[in-house]
Every structure is written in structure tokens, then in C-alpha cells.
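Each reported figure results from applying straightforward, stated rules to the coordinates on display, with no laboratory input. Computed from a prediction, not measured in an experiment: that's the story for all the values here.
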Amino acid sequence: MRPLTEEETKTLFEKLAKYIGKNITYLIDRPDEPYCFRLHGNKVYYVSEAVMKKAICVGRDQLLSLGTCFGKYTKSGKFRLNITALDYLAQYTKYKVWVKPNGEMPFLYGNHVAKAHVGRITEDTPEHQGV
């Protein structure tokens, strides 16, 4: 478990900026306690600093995961978000889409959200926004 390099941090924040914009600062500078991003293998974890300091005594080969997995870096260096990051991203997103209950399962199995499954969309959402 190590901190992200400058290049890794840049690609992570560029990906997050597509969804939450300038609200990235709320992920790091939280009012309850400070959080940080850590890299373990090729996966990025979102961890509170108190838990991270306690996990220092665990060896790298024994440590499976720590905190919430936000995504992973591919072999080409691109960052892919995981669905486990959705709880944190949903709090700070600029634009939201509400999916009807009958459209949840097809989405969870990897299909696109059909127009009939969209419940509502936030106002002023630009076209092709990547929500």
C-alpha cells in the first residue's frame, strides 16, 4: 500500500472530475476526518488516515484490501471506476439519473440503461454528459 504518484493522481482526478467536477476536494478534506487515496497492486482504495496508519503493521502480501475500492489502473495506464465507488460519488455528482426499479437488474448485469428505464434526470444536464 503506497501513495499515488503524480501521474496516477492526475489520471484519477481527471476521471473523477468528469463525474463530480470541483467537488473532488470534498472527498479529501472531509469535516469528520481526513481521507486519502492509496494504491495496492493496481487498485486504488479510499481510506481514512486513521485506519491507514493502523494498517502499516500488516505486510503487503497479507493485506487484501483496505477501505473502499474506487477502481483500478489498466495495463495501459488508464483508470477504470468500480461500482463500489458509487456511494461516494453519488453524494457529490453534478448531474444525476434516477433509474426505475425494472431497469436496475439489466444495468447491474452490464447492459445500458434503456430510455424506458429512466425515471428522471436532473435539470440542465447537457447532452452526452456521461452520467
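Taking a straight line from the alpha carbon of Lys22, these lysines sit under 27 Å away, with near neighbours fewer than eight places off in the same chain left out: Lys10, Lys43, Lys72, Lys78, Lys94, Lys96.
So which lysines pass the test for Lys100, namely a Cα distance under 16 Å, with those fewer than 8 places away in the same chain ruled out? The reachable lysines, counting only those whose Cα sits under 16 Å from Lys100, are Lys115. Annotation: aspartates and glutamates with alpha-carbon distance below 13 angstrom to Lys15 (same-chain offsets under eight excluded): Glu7. P(r) for the chain, please, calculated from all Cα pair distances in 10 Å bins and given in %. Going out from 0 Å in 10 Å bins, the chain shows 11, 37, 32, 17, 3, 0 percent.
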